[in-house]
Structures are given as structure tokens and as C-alpha cells.
Amino acid sequence: MNYTYLIFFFILGTILASFYCVVGIRLPKKEDFIFSRSRCDICNHELKFYELIPIISYIFQRGRCRYCHKKIGFFMPMLEIITGLLFMVSFYSFGMSYNLFIALGIVSILIIISVSDITYMVIPDEVLIFFSIYFIVIQYLNLGLIGCLEHIIYGLFLFLLMYLIMLLGNKIFKKESLGGGDIKLMFIFGLILNPILGALSIFIASLIALPISIIFLVKDNERVIPFGPFLLIGLAIIFFTKIDVNTIINMFNLI
Ligand SMILES: [Zn+2]
């Protein structure tokens, strides 16, 4: 294992995490996220480049803004560390391959959508369009035209499947059960997985989301839990464990 690459991908992840956070927070508000300067969330003071170094700036400033001296909060450095680690795991699992670029894409969309879905309960269309194109290009390079078209059909299939689940959910719960973003997100799942694994990742996402939703429902009846981050965690679990359809069939045979 090449440690230089592992460190490179960790650092790349920490740098992109700050950018992803800005995209997730500013894009739904239609704010510029490329050219506007970063500011302190509390006093709005413009930050210099050496105050934006992932993790390091936080440690040297002891978790406080240098201008207003208010606590910055542990959210940013934690997000940077998580993204860095996931980037490192991506390289560790897939090496230099097309699958590495799929893994990095999954981690990136997971971070951006978690930020926007948790903050606003919104999955921005721009993010879905960008990553759809990203994954189509990679699958074209990886599998050729036919393989890529197959995945586009899988995407449409999973999109329809989720749409039907929503209609069913709306009938059972008598209120909106799934957001439009969750349904559109399924197209991206099909670009990466086949329909069986795609459906399995929805199932895993529900298994993880259910106990957490119940805890929040008990605490606060009005609170709605965004499903997008759970769906992407389900997708990441299926993709990173490299599980295939045969393994699943064998598991059922054992039972
Ligand atoms: Zn400040």
C-alpha cells in the first residue's frame, strides 16, 4: 500500500470538505459559492487563506474565530476529518481505478447532500445533475457505450421504483412520505449499481433510518428526518463492501 497516496487522498478530502459544506449551505439559497470569500459565520469577518486550512487552522486558533473570539464549533473540523478518512478508505479499497472515482463521487455527494438536506430538507437539483453527468462519464469510460446505457436504464427503473414507494407511503401514512429529491437521487443509484443492489441499498437505508426516526419522533412529533443522507449511506455500504448479487443469493440459500 502506498502511504503517500493514502495521505494525499486524506488531505484532498479535508480540503474538499470545506468546499462541499459551502456548496451544501449556499446552493439552496442561490448564493455564489465559487467566487465569494469565506467569512466567519458569527461576526461575518472575511477569512484569510491561512485561517481556512482544514483541521490545522482550527487547532491553532483553539476552535475560536480570530476576530470575534467566539467558538467556531466542532462541526467543520469533524466534517473535514470524516471526508478525509472516507477519501482515504476509497483509495485503500479500490486503488487507482474507475471504481475509485465512483467511490470519491459517492463520498462527495454524501457530504454535500447531508449538509443541504439536514440544513434545509432540500436536495439541490444542481448537485443531482452535476453528479449524474459525472457518473455517466465515468461509466462510459469504464464500461463503454452499452454498459453505460444499461446503467442509465437501471437509473430510470430505480427512479420509478422509488416513485411507486412514495405513492404507497403517501397512502399508508396519509402525508408526504418521501421528498422529490430522494426520488431523483435514485437515478444516480442506477448509474452505479444494478437494480437489485439499488433496491437493497434503499432497504439498508430504511433499516438505519427507522430507529433514528423513532427516537426523534418520540422527542419531537413535528420533526421530519431527511432521508437523503441515509439513502447515500446505504449506497456507500453496498458499494464499499463490493457485495454482488450472487453473494446475496448464497446468503438466502444458507437460511
Ligand atoms: Zn468571527
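Each value in this text was obtained by applying a stated rule to the coordinates, not by laboratory testing. All values reported here derive from a predicted model rather than from experimental measurement. Because the Cβ atoms are built from the backbone with ideal geometry, glycine has one as well, and the counts that use them run over all protein chains shown.
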Could you check which residue among Val23, Val89, Val245 shows the biggest mean-square fluctuation in a GNM of the chain with a 10 Å Cα cutoff? Val245
Segment Ser206-Leu12, length gained on full extension (0.36 nm per residue, minus Cα span): 66.8 nm
Give me the extension gain from Ile129 to Ile237: residue separation times 0.36 nm, minus the current Cα-Cα distance, reported in nm with one decimal. 36.6 nm
Please work out the Cα center distance from the range 19-71 to the range 108-129, rounded to the nearest Å. 19
Quotient of C-alpha Rg and 2.2 N^0.38 Å, computed over the chain: 1.09
Given springs between every Cα pair under 10 Å in a Gaussian network model of the chain, which of Ile238, Ile11, Ile129 has the largest fluctuation? Ile129
Run the quick spin-label model on Met121 and Ile249: label points 7 Å from Cα toward the beta carbon, then report their separation in nm to one decimal. 4.3
Other residues with Cβ under 14 Å from the Cβ of Leu231 give, with Lys and Arg +1 and Asp and Glu -1, a net charge of -1
Could you give the length gained on full extension between Ile56 and Met96, defined as 0.36 nm per residue of separation minus the Cα-Cα distance, in nm? 11.6 nm
If r is the Cβ-Cβ distance from Phe74 to Arg26 and R0 is 22 Å, what FRET efficiency results, to the nearest 0.05? 0.55
Where Lys and Arg each count +1 and Asp and Glu each count -1, what net charge lies around Phe159 among other residues with Cβ under 11 Å from its Cβ? 0
Quick one: work out Rg over Rh on the C-alpha atoms of the range 182-255, Rh as Kirkwood radius. 1.06
The orientation-averaged projected area of the Cα convex hull of the range 134-219, in nm², is 6.2
7 Å from Cα along Cα→Cβ at both Leu168 and Met1: what's the point-to-point distance in nm? 4.0
To make sure I understand the rule: partners must be lysines, Cα under 19 Å from the Cα of Lys71, and not fewer than 8 residues away in the same chain. Which ones qualify? Lys48
